[in-house]
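Okay, structure first, notes after.
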Amino acid sequence: MEQLSALLAQLGHDSALEQPDRVPARLDALDRIDAWLPHATDVDLRRRAQAAADRFEALNAAFYDDLRQDIRNGHGAARLLHYAAAWAREVATSDPQAYDLLDELIAGVLPFGEPQAPQVALAPDMVFYQPTPARHILAMIRASELGAGDVLVDLGSGLGHVPLLAAICTSAETVGIELEPAYVAYARRAAADLHLAKVRFVEADARHADVSSGTVFYLYTPFQGAILAEVLERLHAQAAHRAIRVCSFGPCTPTLAAQPWLARQDAGDAYGPALFHSVAG
């Protein structure tokens, strides 16, 4: 109880925590309160701790609400990228698949409830869905130089974080292709709430979906083996008609690197997304 009491006193004297953009500091404070609260038996101390936590949660919610409104009005990209750059400096992780403060930012901006339980059973060679860590999405957006005239197609888009962020941060059109109806419904709801006109989500199998408009394709290892081979063959067929870029993250990257029709374009960071471009021949 002494530790929690001292913590509340410290937080109470830190007026900077009231500033709207001090979300990382408030998240840290919430973690510290959560760590000590279960051990507190004093009723008044527990009440004060809960009141502080509720206050920090409300301030964070107000920050995210304001940022969402900027996105709806079409000028949220600069703010989102500013905070992403600032928060990235506050924490670093050596695990390429770990989540960090940037994922807290995205979770706050896209709080559209939990999707319904998945309805589609995974077939052999399909991989259980995991969202791409936000820092890798932003790295992919930068590396691929998405812009006007591009159409980003996320193959196995899950809850839609990649198309949604790309639509917020760039002038490109974005498409999410996803087999699971519950995930598609969630992503469509998020896009509609944020008034994102250049993003759409298609409920389809990547082996059969229309990908003819894509100029940039993204895969966070949504499938492997025979399914991955079939999808890559479809992309190869698209590359016969026009130049395309293909971005990948996770275990599928070595398979893409072995494709003779793809050449790696980035510096070859083993811990981040990889960028390939199609080659003639």
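Brief remarks on what is shown
- Normalised per residue, the accessible area of the chain is 49 Å², obtained with a 1.4 Å probe and no contribution from ligands, DNA or RNA.
- Normalised radius of gyration (Cα atoms, divided by 2.2 N^0.38 Å) for segment 1-60: 1.04.
- Projected-area mean, the chain, by convex hull of Cα positions, square nanometres: 16.3 nm²
- Couplings for segment 101-110, taken from phi via the Karplus curve 6.51 cos²θ - 1.76 cosθ + 1.60 with θ = phi - 60°, read 4, 5, 6, 4, 4, 5, 4, x, 6, 10 Hz in order; Gly and Pro are left as x.
- With all pairs of separate Cα atoms included, segment 173-281 yields a Kirkwood hydrodynamic radius of 14.8 Å.
- Cα radius of gyration and Dmax for segment 140-191 (Å): 10.7, 31
- Carbon/sulfur fraction of accessible area - the chain, other protein chains in place, 1.4 Å, %: 54 percent
- For segment 76-205, the alpha-carbon radius of gyration amounts to 1.04 times the rule-of-thumb value 2.2 N^0.38 Å expected for a compact globular protein.
- Charge dipole of the chain about the Cα centre (unit charges at C-beta), most positive-ward option of 1, 132, 151: 151
The values are calculated or read from the model by the stated rules, or taken from the named source; none is laboratory data. Note that the coordinates shown come from a computational prediction; the quantities given were computed from them, not determined experimentally. A quick note on method: Cβ atoms are made from the backbone with ideal geometry, for glycine too, and the neighbour counts reach across all protein chains shown. Each accessible area value is taken on the protein alone, full model and side chains, heavy atoms only, with ligands, DNA and RNA left out. Shrake-Rupley method; radii C 1.70, N 1.55, O 1.52, S 1.80 Å.
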